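Report on one structure; see the data block that follows.
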Amino acid sequence: MVPLSYYLVLSAILFACGVLGFLLKRNIITIFMSIELMLNGVNLSFVAFASQWHALSGQIFVFFVMVVAAAEAAVGLAIIISVYRTRDTLNVDRVDLLKL
Amino acid sequence: MHLALFLVFGIVCVAGAVNLLIQSHPIQSALSLIVVMASLAVEYLLLGAEFVAAVQVIVYAGAIMVLFVFVIMLLNAGEEERSQGSHIALLLGLPSLLLVGVLLAWSVTHHATDSVRVGSLYGDPRTIGKLLFTQYLLPFEITSLLILIAIMGAVVLASKPEVAPVGPASGLTTGKAK
């Protein structure tokens, strides 16, 4: 038997890694990947709680989170391509102007 | 046995996440993110969530990460360049990090935990599908609308702006403001 808290600690570590990457990384693609890492951490919490409370709704929520993450990845990467095309850089520090 | 599996794949998972942080090349970060997702799928299996584990491998480690790797290759992303951080952030951040860490450790150690019985919940595709098409039908349909909008948005955003605009009629492209 694996205690619920182990899953929650793992989930928290993943989320914290995601937050750290989001704050520390300067490459826009890596920042985007950190967001995915945070979503994965939350998903693990969802599944662990679903298992704990015998409620399948948690797993349904994970399914929806995955779908939204897929949509977000498609649109976000399209935005990244667009940003790179107009500014020739992937460094977020250099993308600080609304107008070219 | 379950605990051993959990620990092994949990360690792999955390190692992948930390590797994502310390690598400076985006492609290496992407590959370690795939490691994280694959080992998370094993954790889902341990929790009895078969469907979610399968979807995790197919959608996350498959589709989404292929998209990431594809974009990294397309943009020829190189090494990350470091930039100077501010000193105030360091000064305030480290004590706050310590504080949050102590609070977290306290809350984890001072609360009794129940254990999850593995296999007690049967999240197979049949049960999930039944729920999805009865109780959660409306969210499911709204999700399909969301996906449709996302596809159109991605196509519009990533399509190349026209090289020589013929006139004011070149509307749908992102319109590089010159």
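For this structure, a couple of remarks:
- Check on B:Gln56, more than 26 Å from A:Ile60 (Cβ to Cβ) and more than 7 Å from chain A (Cβ to nearest Cβ): no
- From the options B:Gly129, B:Gly62, residue that is more than 9 Å from chain A (Cβ to nearest Cβ), within 29 Å of A:Ala78 (Cα to Cα) and modelled with pLDDT of 80 or more: B:Gly62
- Extreme residue, modelled with the lowest pLDDT, among residues of the stretch B:142-171 that are more than 11 Å from every other protein chain (Cβ to nearest Cβ) and surrounded by 11 or more Cβ atoms within 10 Å (Cβ to Cβ): B:Ser170
- Only one of the numbered conditions (1) out of contact with any Ser or Thr (no Cβ under 6 Å at 6 or more places or on another chain); (2) more than 7 Å from chain B (Cβ to nearest Cβ) is not met by A:Ser45, and that is (1).
- Residue pairs whose Cβ atoms lie under 6 Å apart, separated by 6 or more positions or on different chains, with the first residue in the stretch A:52-71 and within 7 Å of chain B (Cβ to nearest Cβ) and the second among the hydroxyl-bearing types (Ser, Thr, Tyr) and surrounded by 15 or more Cβ atoms within 10 Å (Cβ to Cβ), are A:Ile60/B:Tyr136; A:Val67/B:Thr143.
- Listed by first and then second residue, the pairs with beta-carbon distance under 9 Å, at least 6 apart or on different chains, first residue in the stretch B:127-138 and within 9 Å of A:Ile60 (Cα to Cα), second part of a helix (DSSP H, G or I) and among the small types (Gly, Ala, Ser), are B:Leu131/A:Ser57; B:Tyr136/A:Ser57.
- Elements of type helices (runs of 4 or more DSSP H) in chain A, at least 2 residues being more than 20 Å from the chain's Cα centre (by Cα) and surrounded by fewer than 17 Cβ atoms within 10 Å (Cβ to Cβ): A:57-87
The values are calculated or read from the model by the stated rules, or taken from the named source; none is laboratory data. Remember, it's a predicted structure, so these values are computed and weren't measured experimentally. We place every Cβ from the backbone using ideal geometry, glycine too, and count neighbours over all the protein chains shown.
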